[in-house]
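Q: Okay, handing you the structure first.
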Amino acid sequence: MEIPFIGEISRHLGALKKTGFQCIIAHVERYLDVIQNPDKLFMFKKAGFLFQINIGSLIGVYGLDAMTTANYLLTSGAIDVIATDIH
């Protein structure tokens, strides 16, 4: 499953950050914008956002694109939390 990310949501994330919330953005490895250009996350990282990937993505549960992106983000130091997708 690929989920859009950058665009409109960045404005909302910025507003939350200004109110003092620490935002953890979940399963970024499945967002279409991140799959297409994972380095986009680093501008959010520099702004103080945290990122979580799902363990299932690391083993291919969500497809090859998510697995490749998750591994790249993890090895590049962008990821702060690894979790399950259990809600």
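We did not get these values from a lab; they are worked out from the coordinates using the rules stated. Small disclaimer: the values here were computed from a predicted structure and weren't measured. Methodologically, a virtual Cβ is constructed for each residue, glycine included, from the backbone with ideal geometry; neighbour enumeration extends over all protein chains shown.
Q: So how do 37-46, 75-84 stack up, highest first, on mean other-Cβ count within 10 Å? Mind dumping the intermediate values first?
A: Working: 37-46: 15.2, 75-84: 13.1.
With the highest mean Cβ count within 10 Å placed first, the list reads 37-46, 75-84.
Q: Which residues in segment 21-61 have a backbone N closer than 17 Å to a point placed 7 Å from the Cα of Thr84 along the Cα-to-Cβ line?
A: 27, 53-61
Q: Given Cα pairs under 8 Å that are at least 6 residues apart, what percent is the relative contact order of the chain? Don't skip to the answer; put the middle values down first.
A: Working: 111 pairs, mean separation 25.3, N = 87.
That works out to 29 percent.
Q: Looking at the square roots a ≥ b ≥ c of the eigenvalues of the Cα gyration tensor of segment 24-87, which shape do they give, rounded for a/c under 1.5, prolate if a/b is larger than b/c, or oblate? Can you show the working numbers first?
A: Working: a/c = 1.82, a/b = 1.31, b/c = 1.40.
Because a/c hits 1.5 or more and a/b fails to exceed b/c, segment 24-87 counts as oblate.
Q: Using only the alpha-carbon atoms, how far is helix 64-75 inclined from the longest principal axis of the chain? Give it as 0 to 90 degrees, nearest 10.
A: For helix 64-75, the angle is close to 60 degrees.
Q: Give me, ordered by chain and number, the residues 5 or more places off Cys23 or on other chains with an amide H under 5 Å from its own placed amide H.
A: Distant-sequence amide H within range of Cys23: Leu50.
Q: What angle do you read, to the nearest 10 degrees and between 0 and 90, between the alpha-carbon axis of helix 8-18 and the longest principal axis of the chain?
A: The two axes meet at around 60 degrees.
Q: While we're on this one: Along the charge dipole of the chain, pointing to its positive end and built from +1/-1 on Cβ of Lys, Arg, Asp and Glu, which listed residue (Phe49, Ala70, Gly20) has its Cα farthest out?
A: Toward the positive end, the furthest listed residue is Gly20.
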